[in-house]
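Encoded as structure tokens, the structure appears first; notes follow it.
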Amino acid sequence: MPSFDFASKVDAQALDNAVNVVKKEITNRFDFKGSHVVIELDKKNFKIQVETDDDMKMKQLLDVLVSRAHKQGIAPEAFDLGKEGSQVGKAWKKDIEVRNGIRQEDAKKIVKLIKDAGLKVQVSIHEDVVRVTGKKIDDLQAVIQASKGWELGVPLQVENMRN
């Protein structure tokens, strides 16, 4: 039976490249000259730690990070910017989690959206991917087309398309 997987993965090398490009750009920008800026990437846990002088510079730095990551092929939805930064001494610190894999509650939303579409496919959740199987490949392609209109806040990729 034809099948494919919905996944939400971030390439670690692309993320590393994006962080390095941001570091270089910040050192060359006039508005950050003489400022305290620290950007560290934890590749194992997919977390970015950012430290700046004030809240305004933090917002500018996050804008640069998201735009440069987008140019590297990482969707802006992959960054969890919801948590507020905190002030520690004179510096502002913020931990940014990079979403890698589909969480259980997001997988359940995807399953519900597919079932609400009324297509003749079977959906199952396997760890951090959602597998969709069907008798006709046209039904699978209809699911992929429908997924482009979903607003989940999670970047989705189609993987392992099999006949």
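The values are calculated or read from the model by the stated rules, or taken from the named source; none is laboratory data. These numbers come from a predicted model, not from an experiment. Surface accessibility is based on the protein's heavy atoms, side chains included, excluding ligands, DNA and RNA. Shrake-Rupley method; radii C 1.70, N 1.55, O 1.52, S 1.80 Å.
Treating cross-link reach as a plain straight distance, find the aspartates and glutamates whose alpha-carbon is under 17 Å from the alpha-carbon of Lys108, omitting any fewer than eight places away in the same chain. Here the aspartates and glutamates satisfying the reach criterion relative to Lys108 are Asp5, Asp116, Glu127, Asp128, Glu151. The residues of the range 44-163 expose, per residue, 62 Å² of accessible area to a 1.4 Å probe. What angle do you read, to the nearest 10 degrees and between 0 and 90, between the alpha-carbon axis of helix 104-116 and the longest principal axis of the chain? Computed tilt is about 40 degrees. What separates the Cα centres of the range 54-122 and the range 30-47 is a distance of 17 Å.
Is there a pair in Lys24/Lys59; Lys47/Lys83; Lys23/Lys44; Lys9/Lys93; Lys9/Lys109 whose C-alpha atoms are over 23 Å apart, and which pairs would that be? Cα-Cα > 23 Å for Lys9/Lys93; rest within. Relative to the dominant Cα principal axis of the chain, helix 137-147 is inclined by about 30°.
Pairing the Cα long axis of helix 55-71 with the longest principal axis of the chain, what angle in degrees results, from 0 to 90 and rounded to the nearest 10? Once rounded, one gets 40 degrees. If you take P(r) over Cα pairs in 10 Å bins from 0, in percent from the coordinates, which of (i) 10, 34, 26, 17, 10, 3, 0; (ii) 10, 32, 26, 22, 10, 1; (iii) 10, 37, 34, 15, 4, 0, 0, 0 do you get? So the calculated entry is the one marked (i). Got a number for carbon plus sulfur as a percent of the range 1-112's accessible area, 1.4 Å probe? The C+S portion of the solvent-accessible surface of the range 1-112 is 49 percent.
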